[in-house]
Each structure stands twice: as C-alpha cells, then as structure tokens.
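Read the structure below first, then the notes.
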Amino acid sequence: MKITGYSITLYEFPLNRRMGDANSPSGRIRGSSNLLQLFTDEGITGVSFGGGGAGPQIKSMVEGILLSEDPRHVTGLWKRMVDRAFKAGHDGVVNDAIAVLDVALWDLKAKYNNEPLWRTLGGSNPRVHAYASGLDSPLSDDEIENWYGQMASEHGFTGGKLKVGLDQDADLRRIGRMKKGLERATDKPYLYIDANEVWSPKMAIRKVREMEERYDIAWVEEPARRWDFLGLRRISDAIKAPVCAGENLDTLGDFLPYFHNRSADVVQVSHGMTGITCALQLADAAYGFELPITLGGSPGNLNAQLAPCIPNFLTLEVQNPAPDDGVMTSDIEIVDGWAVCGEEPGTGVGFDPEMLARQKVESVTASAGPSPFGRRPGAGLWDNPPSPEEAAAAATGVNGVHYVPAHGSKAQ
C-alpha cells in the first residue's frame with residue numbers, strides 16, 4: 001500500500017451550547033475543524049480531524065516525506081516528520097501538522113488490518129472510564145446543574161469538570177450545582193476543576209484550599225502557567241487535591257521538567273501532542289514515574305482508542321457524548337459513564353460527505369477558531385472577574401437561547 005495524495009477541508013458549525021473558560025467567560029457559539037484525508041493506491045483512505053491552521057506544513061510533510069510511502073510504517077514516518085522539523089523544533093503549527101497526519105496514518109494501518117485502532121495498538125478491553133467536561137464558564141448556575149444532570153441521568157457520568165478561576169464566590173456556588181447535577185447518577189461524584197492557567201501559584205493555593213473546605217476535589221487542572229513546573233509543584237505540595245497538567249505541551253521534551261520535578265500528579269495526554277505515536281511515548285514515560293494518565297477531549301472522542309493500551313490510564317474527557325457538528329461520525333459510544341470503542345476498522349471517527357460539502361469554508365472566521373480570545377488580561381497577576389459586557393454576552397446563550405438539552409426541554 002502506498003500513499004498517493006491528500007486533501008484538507010475546512011468547515012464551520014454552530015455549537016450546541018455557548019462554550020468558554022476563565023480566559024473567555026463570554027464564550028463562543030461557533031466552532032470549526034479541518035478534515036484531512038490521506039489517499040492510497042489500494043482505495044483505503046486515512047481520515048483525521050485537526051490542523052486547520054497548518055495547511056502549508058501538512059502539504060510540505062506529505063509532498064516531501066509521505067507520498068509513495070507505505071502508511072503502515074507509522075512510527076518510522078512519524079520520526080522522519082519530526083526529524084524534518086528538528087532545527088526549529090516541532091511545537092506549535094508544525095506539531096499540529098504532524099499530529100493530524102500521524103492520526104491519519106494510524107487510521108490507515110488499522111483499516112488495512114481490518115480492525116479498530118484499539119486492537120491494532122494492542123488493547124484488550126474497549127471500555128474506558130470517562131467524565132463530562134462542560135467548557136461551561138458562560139452557562140448560568142441553573143444551566144450548570146441541568147447540563148451535568150443530563151450527562152449523569154442520560155449518559156451515566158459520575159464525574160464532571162467545571163471551569164473556574166475568575167470569581168471565587170461563584171466558583172464555590174457552581175461546584176455545588178455541578179455536584180447536585182451529577183448526584184443523579186451517584187452519591188459520590190468526582191468533582192474536577194480547571195482554571196486554565198489563570199492563577200499564580202499563591203492564588204491557586206489560597207483559592208483551592210478554600211474550595212477543599214467544602215468539597216472533595218478530585219483534581220485541579222492547570223492551576224498555574226504550563227511551564228511553571230516549580231509553581232505547579234508548590235501547589236501540589238500545598239493542597240490535598242492532585243494537580244493535573246500538560247494539555248498545552250506538545251513534546252516529550254516539554255514534559256521532562258514535570259517528570260523530574262513531580263510537578264503534576266496526573267499527566268494530560270492527547271493525540272494532539274505530535275500524534276498518537278507521541279501520545280503513547282508520553283504515556284510510557286509517565287508510567288515509568290508511576291504517574292496516572294488522563295486523555296483529553298478529542299474529535300468524536302477519538303482518544304478513547306488509545307486508552308485500552310495505556311496501563312496507567314485513569315479517565316477520558318468527554319465534551320460531547322456524540323459528535324454534534326453535523327459532519328463528524330463516530331462509533332465510540334458513551335454507556336453508563338464509560339466510553340466504549342466499537343469494531344469499525346480504523347479510529348472509528350469518520351465524516352458525512354454531504355454535510356461536509358454543505359459546511360465547508362475557504363477560511364475560518366476568527367471567532368470560530370481555536371481559543372479565539374487568547375489569554376485573559378491580568379491572568380496570574382490579579383483577579384479579573386467577568387465584565388458586565390461579558391456577562392451579558394454569556395447570558396444570550398446560543399442564538400439568543402440558553403442551553404437546550406438533547407431531549408428538547410429548555411433548561412430551567
């Protein structure tokens with residue numbers, strides 16, 4: 001089997017709820033993605049989502065390395081792509097290009113084997129633990145309880161992750177509302193919180209300690225800047241909850257300070273970290289330090305395919321139980337709070353050609369791109385709660401309507 005060509009297609013879509021975090025409390029109502037297809041001479045196509053801003057880098061890697069190569073040689077091709085970017089490093093946009101290509105290569109290999117990726121990677125049990133992640137800063141308190149309540153009652157989630165960081169009183173109140181929603185499925189839900197790097201270490205210690213007086217916090221995600229490995233260690237030593245970090249790092253070299261300084265108690269891994277190949281390397285490195293792995297949010301919950309072969313896997317982030325963009329399809333299902341990988345050959349994540357043609361765009365609008373708001377002014381320096389204008393924008397919901405549950409009844 002040989003690679004003969006590729007295509008990339010950008011598309012936009014409306015979100016099913018207004019999504020945001022401490023850096024964007026007003027949230028956004030549209031998202032975007034990029035579909036990559038790798039074509040072969042045997043009629044098998046590798047599919048991957050991502051790398052929307054990396055078109056030139058994808059073109060360079062395909063035309064300079066992958067064309068006419070056997071896509072089953074995934075690890076060797078991954079190393080050649082990484083070596084190509086050696087001088088300037090493979091963080092940032094180059095990382096995005098390699099990551100999306102690597103996923104497509106693994107999709108091709110598993111499809112050639114006529115088996116799901118979790119089998120190709122050596123897994124034996126396709127059922128992996130998951131938690132609900134709301135990206136919920138713009139949601140009202142009632143919508144918080146309703147959304148997590150729906151995730152618990154309709155999908156069986158026993159854990160949830162709340163965005164925090166800007167308003168301590170509101171955070172304390174909203175953690176309780178998330179807990180109440182999740183209690184529809186369990187008496188003892190896992191309560192995760194995520195500050196998205198908006199605190200300094202001292203701010204994080206003070207705020208989390210106060211939260212821990214009222215709640216059993218399962219972990220604190222990104223309580224300080226991603227590269228502040230000493231600050232993260234200080235936080236871990238000063239609070240009861242584990243520190244979870246790493247989602248914005250890309251390479252093994254980025255993670256080495258975490259490992260050597262025990263900066264993170266739970267290490268975040270994703271196929272977006274230079275592909276599935278690198279994600280598995282990171283998981284192996286963490287395993288050597290007896291550190292658990294959590295897999296981050298992913299298109300169609302693709303990261304679930306990696307979990308069965310990771311011995312130190314803890315739980316999977318699920319932002320939507322099923323694809324909601326109209327284009328993506330997935331045979332990975334959420335059953336009783338677990339992600340269950342199907343038997344479809346490849347990653348299990350595909351697309352609807354008609355919907356793709358309907359929603360494709362030549363370029364993505366700024367407000368629909370990844371993290372369109374950047375880092376919040378004052379982050380790590382002073383408290384900067386949502387402004388009246390941001391609160392008003394958040395209150396408009398999506399198309400002027402607050403979050404509407406899947407069964408159609410309006411959130412109360």
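The values are calculated or read from the model by the stated rules, or taken from the named source; none is laboratory data. The structure displayed is predicted, hence computed values, not measured ones. Here the Cβ is made from the backbone with ideal geometry for all residues, glycine too, and neighbour counts use every protein chain on show.
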Pair list, Cβ < 9 Å and 6+ apart or interchain, from the range 230-246 residues that are among the polar types (S, T, N, Q) to residues that are surrounded by fewer than 24 Cβ atoms within 10 Å (Cβ to Cβ): Ser236/Pro242; Ser236/Arg262; Ser236/Asp265
Is it the case that the range 47-58 has a residue that's in contact (Cβ under 8 Å) with a residue 60 or more places away in the chain, surrounded by 18 or more Cβ atoms within 10 Å (Cβ to Cβ) and among the hydroxyl-bearing types (Ser, Thr, Tyr)? yes
Failed condition for Phe157, given (1) in contact (Cβ under 8 Å) with a residue 40 or more places away in the chain; (2) surrounded by 21 or more Cβ atoms within 10 Å (Cβ to Cβ); (3) of a type outside the set (A, V, I, L, M); (4) assigned to a helix (DSSP H, G or I), with all others met? (4)
The residue from Ala279, Ala264 that alone is touching a strand residue (DSSP E or B) at 6+ places or on another chain (Cβ under 6 Å), at pLDDT 95 or above, in a loop (DSSP other than H, G, I, E, B) and not basic (Lys, Arg) is Ala264
Out of (1) under 21 Å from Gly134 (Cα atoms); (2) aromatic (Phe, Trp, Tyr); (3) touching a strand residue (DSSP E or B) at 6+ places or on another chain (Cβ under 6 Å), the one Phe313 does not meet is (1)
Filter the range 107-126 for residues that are over 16 Å from Ala339 (Cβ atoms) and either touching a strand residue (DSSP E or B) at 6+ places or on another chain (Cβ under 8 Å) or at pLDDT below 95 (or both) and give the result. Asp107, Leu108, Ala110, Lys111
Does any residue of the range 226-247 turn out to be in a helix (DSSP H, G or I), surrounded by 24 or more Cβ atoms within 10 Å (Cβ to Cβ) and aliphatic (A, V, I, L, M)? yes
Which residue pairs have Cβ atoms closer than 6 Å, lie 6 or more positions apart in sequence or on different chains, and pair a first residue in the range 254-278 that is farther than 20 Å from Gly50 by Cβ with a second residue that is among the hydroxyl-bearing types (Ser, Thr, Tyr) and not in a helix (DSSP H, G or I)? Val266/Thr294
